[in-house]
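Heads up: the structure comes next, in structure tokens.
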Amino acid sequence: MIAIELLLADEHGLMRAALREQFTQVTDLYIVTEATSLDEVLHKVQHQPPDVALIDIEMIGSPPVNVQQIGALCAATAVIFLSTQDWEIYLAFAAAIGACAFVCKTVTMDELVQIVRGCADAGPAFTPAQHQRIRVWQTEVEAKLHALTPRQHDVLKLLVAGYTNAEIAVALVVSVKTVESHVSQIFAKLVVNSRREVITWIKETRVALLWA
């Protein structure tokens with residue numbers, strides 16, 4: 001049986017210790033190195049790429065992440081993103097960036113072992129159900145954005161750039177009250193409650209869909 005070399009990357013020592021203990025009981029899987037940051041992962045993969053890298057997706061940072069670096073990482077080794085949150089936005093990002101799999105940390109060890117072996121042997125291991133979830137999520141995102149009027153898109157672009165309502169009004173040559181009305185409608189259509197939530201939603205969605 002050919003040994004599969006693993007890189008284990010997670011900020012939390014307890015999680016790494018638990019996985020390390022579990023993997024010692026699997027004869028063909030070996031954790032050859034560990035990392036606690038994205039920079040450390042990139043350095044280790046560059047100098048001695050493992051067969052599979054198990055990486056906590058939250059460790060790569062909040063948007064805007066360096067998409068080019070993550071893409072290069074996925075091209076260099078089979079990346080399995082792990083997360084405590086089974087969110088469609090994480091799933092969509094993992095698939096779009098070229099990861100081999102996205103796995104919620106609620107899976108059993110036997111399931112994780114099979115996914116690792118599958119990625120090492122045959123490449124991407126996204127399930128039909130995961131692909132369907134991604135398609136549904138993308139459709140919902142596109143529907144929300146399509147519901148915005150052209151003027152609301154103009155307001156949204158400036159809002160995400162950090163403009164205040166008054167500054168947006170000057171830029172678009174409209175009244176502040178008109179801008180406030182557009183912002184309120186944007187909140188409703190995107191199902192958010194604040195400017196911060198709008199900005200986060202746009203940035204995270206942009207990254208997940210690999211928009212420029």
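The values are calculated or read from the model by the stated rules, or taken from the named source; none is laboratory data. All of these numbers come straight from a predicted model, not from anything done at the bench. Positions of Cβ are backbone-derived with ideal geometry, glycine not excepted, and every protein chain shown enters the neighbour counts.
When Glu111 is evaluated against the numbered criteria (1) touching a strand residue (DSSP E or B) at 6+ places or on another chain (Cβ under 7 Å); (2) not in a strand (DSSP E or B), which criterion, by number, is the only one it fails?
(1) is the only condition that Glu111 fails.
Test Thr106 against the stated conditions and say whether it is without any contact (Cβ under 8 Å) to a residue 12 or more places away in the chain and either surrounded by fewer than 18 Cβ atoms within 10 Å (Cβ to Cβ) or among the aromatic types (Phe, Trp, Tyr) (or both). Can you show your working first?
On the way: without any contact (Cβ under 8 Å) to a residue 12 or more places away in the chain: no; either surrounded by fewer than 18 Cβ atoms within 10 Å (Cβ to Cβ) or among the aromatic types (Phe, Trp, Tyr) (or both): yes.
Criteria not met by Thr106.
Just one of Val173, Val179 is over 25 Å from the mean Cα position of the chain (by Cα), loosely packed, with under 15 Cβ neighbours inside 10 Å and modelled with pLDDT of 95 or more; which is it?
Exactly one residue qualifies, and that residue is Val173.
Looking at Thr33, Thr77 in this structure, which one is surrounded by 16 or more Cβ atoms within 10 Å (Cβ to Cβ), under 17 Å from Ala99 (Cβ atoms) and either at pLDDT below 85 or polar (S, T, N, Q) (or both)?
Working: Thr33 fails: under 17 Å from Ala99 (Cβ atoms).
The match here is Thr77.
Given Phe126, Phe102, which one is out of contact with any Lys or Arg (no Cβ under 6 Å at 6 or more places or on another chain) and in a strand (DSSP E or B)?
From the options Phe126, Phe102, the qualifying one is Phe102.
Report yes if Arg117 is surrounded by 14 or more Cβ atoms within 10 Å (Cβ to Cβ) and in a helix (DSSP H, G or I), otherwise no.
For Arg117, the condition - surrounded by 14 or more Cβ atoms within 10 Å (Cβ to Cβ) and in a helix (DSSP H, G or I) - is met.
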